[in-house]
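To start, the structure itself, in structure tokens.
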Amino acid sequence: MWGVAFVAAWESLVRGFDLKPYFLPAPTAIWSAFTDNVGLVRAAAFVSGGNALVGLLLGIGLGVAASFALMRSNLLNELVSPLAIALNAIPIIVLVAVFQNMFTSTSEVPRRLMVMLIVFFIVLVNVAKGLRQVSPIHLELMRSYAATPRSVLVKTRIPNAVPYLFTAVKIAAPTAVITAFVSEYFGGRQNGLGYFIPSNFANSKNAVAWAYVIGACLLGLTFYLVSVLLENITSNRRGRAPGGANT
Amino acid sequence: MTAVVLDSVSMSFNPGTNREVNALDGIDLSIAEGEFVSLIGPSGCGKSTLLRLVANLVEPTEGRILVNGTSAEQARRDHTYGMAFQQAGLFDWRSVRRNVELPLELAGWDRGRRRERAEEMLALVKLDDFAEHMPWQLSGGMQQRVAIARALATRPPLLLMDEPFGALDEMTREHMQAELLRIREATGSTIVFVTHSIPEAVYLSDRVVVMSPRPGRITRIVDIALTGDRDDDTREDQAFFAGITEVRESLRAVEGYHSHGGVDDR
């Protein structure tokens, strides 16, 4: 409803005030640019989506592995947790320039590394919390059953952390897409949405740039919806999901 | 054989530091097999700590504890007691049946026997129709019944309960008390029961242990002489009121009872 009203208002604004396409193209112009270039937009979205997905999966894997290490070592936890939180205040995205420098300019590796790094900290903080913040009653019960540390891990800590993981993925998935765009914008191969959006604006092909923006929105939405779907599968059974922390 | 023996048991938290808290001091108590004993006293009298000592969840600073003829630690390793807390503490990722199966899994039972026993226990607490439900789909009273079924799953001779009905409303609470007596009748378990409620202690117990705070001590043990079956009529019985009066007066004698107000008269 609001979306339709917004697009209608946009269209009439552009027509009514006779705004020039280089200032703001009309939705109809954007849509025709989108349908004309749908193949190109799709190809670019696959590149960006691939970068985001590979980085996301690597980040989740590493984050989960590291959270187990954090759970086992108090020292490690005290060293890493404040760092992970402090990273919130630092735009670590600039590291992509460092990574670009390390690899050849035709490589997708720097972008994927950047996505991985950002996802890593989101997953690490949340899953480590899930592994540690176990109900004291559950721990006392497990002690009363003379449970081994391994049983406590498998039957209490890991199941407790599962919804935290899905919450982390829900936060990390859209962030991964955004990170992929921004990383592409920083240079390197000229094939992703993060390259085509600014380059088309620079060439005054604003409607085409907006078509790529549509592609970017759809890609981000896809990642988000899949992660929400995954989360719902677990939380429906449990009846609740814990709130997550953004790195 | 006595189910529980506490022999001059003392318990301090943070011993040797300036934050030392003397939770329990010189506790002597023995509980016979099949007996129902309640621990009552104002907040901070150490009644929960006493229960946790028997469960070997904490170690005493001094003294000796025997549970079912062995050390408290051995009793814990042998799964000879079951425990229930004020919060049901169910694992929300497990179905009701699999919650009851948990202690059996840890005792190394195979799947078929676990399932059979869990269903038997759920029938005992009258929740057999809810075996495949998830805990959040159950009311507070039902969750507490699952917790009791779980505590009884290995058929332990001893049941330790820390204010298990404390979070329930009055009607549910009275119903649960009657259910507990029925379950006790069926299993013959020895029960040690921590409570804040005088009527609850009197209604359920053979003996009520009255405790005083700072340091936690046993001030008096009241024998409850209720004749016949305990049912709803018991709550209107003269002997029931006599028991309540006796426990209340013992508590009044406890220094700090009024200032702490940790016992309710419900």
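Values computed for the structure shown
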item	result
Selection count, the range B:8-20, where residues are out of contact with any helix residue (DSSP H, G or I) (no Cβ under 8 Å at 6 or more places or on another chain) and surrounded by 15 or more Cβ atoms within 10 Å (Cβ to Cβ)	2
Long-range neighbours under 8 Å by Cβ, at least six apart or interchain, first residue without any contact (Cβ under 8 Å) to a residue 40 or more places away in the chain within the range B:20-39, second part of a loop (DSSP other than H, G, I, E, B)	B:Glu20/B:Asn14; B:Val21/B:Asn14
Any hit, the range B:38-46, residues being in contact with a Lys or Arg (Cβ under 6 Å, 6 or more places away or on another chain) and more than 11 Å from every other protein chain (Cβ to nearest Cβ)	yes
Selection count where residues are more than 18 Å from the chain's Cα centre (by Cα) and in contact (Cβ under 8 Å) with a residue 40 or more places away in the chain, scope the range A:155-190	6
Checking B:Gly141 against (1) surrounded by fewer than 18 Cβ atoms within 10 Å (Cβ to Cβ); (2) on the phi < 0 side of the Ramachandran plot, the condition it does not meet	(1)
Residues (within 14 Å of chain B (Cβ to nearest Cβ) and modelled with pLDDT of 90 or more) located in the range A:163-174	A:Tyr164, A:Leu165, A:Phe166
Criterion (more than 19 Å from the chain's Cα centre (by Cα) and closer than 25 Å to A:Tyr164 by Cα) met by exactly one of A:Leu79, A:Leu40	A:Leu79
B:Gly108 within 13 Å of chain A (Cβ to nearest Cβ) and crowded, with 21+ Cβ neighbours inside 10 Å	no
Top-ranked residue in the range B:70-94 [being at the interface with another protein chain (Cβ under 9 Å from one of its Cβ atoms) and among the small types (Gly, Ala, Ser); ranked as nearest to B:Val9 (Cα to Cα)]	B:Gly82
Answer residue from the range B:54-69, given it is in contact with a helix residue (DSSP H, G or I) (Cβ under 9 Å, 6 or more places away or on another chain) and among the polar types (S, T, N, Q) and is farthest from the other protein chains (Cβ to nearest Cβ) among those	B:Asn68
Unique match (being more than 14 Å from chain B (Cβ to nearest Cβ), surrounded by fewer than 21 Cβ atoms within 10 Å (Cβ to Cβ), among the hydrophobic types (A, V, I, L, M, F, W, C) and part of a helix (DSSP H, G or I)) among A:Val182, A:Val177	A:Val182
Candidates B:Glu179, B:Glu132 - the one that is within 12 Å of another protein chain (Cβ to nearest Cβ) and acidic (Asp, Glu)	B:Glu132
Residues of the range A:119-146 satisfying the condition of being within 14 Å of chain B (Cβ to nearest Cβ), small (Gly, Ala, Ser) and either over 19 Å from B:Thr80 (Cα atoms) or surrounded by fewer than 21 Cβ atoms within 10 Å (Cβ to Cβ) (or both)	A:Gly130, A:Ser135, A:Ala146
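The values are calculated or read from the model by the stated rules, or taken from the named source; none is laboratory data. What you see is a predicted model; the values in this text were computed from it and never measured. With ideal geometry, Cβ positions are generated from the backbone for all residues, glycine too; neighbour counts draw on all protein chains shown.
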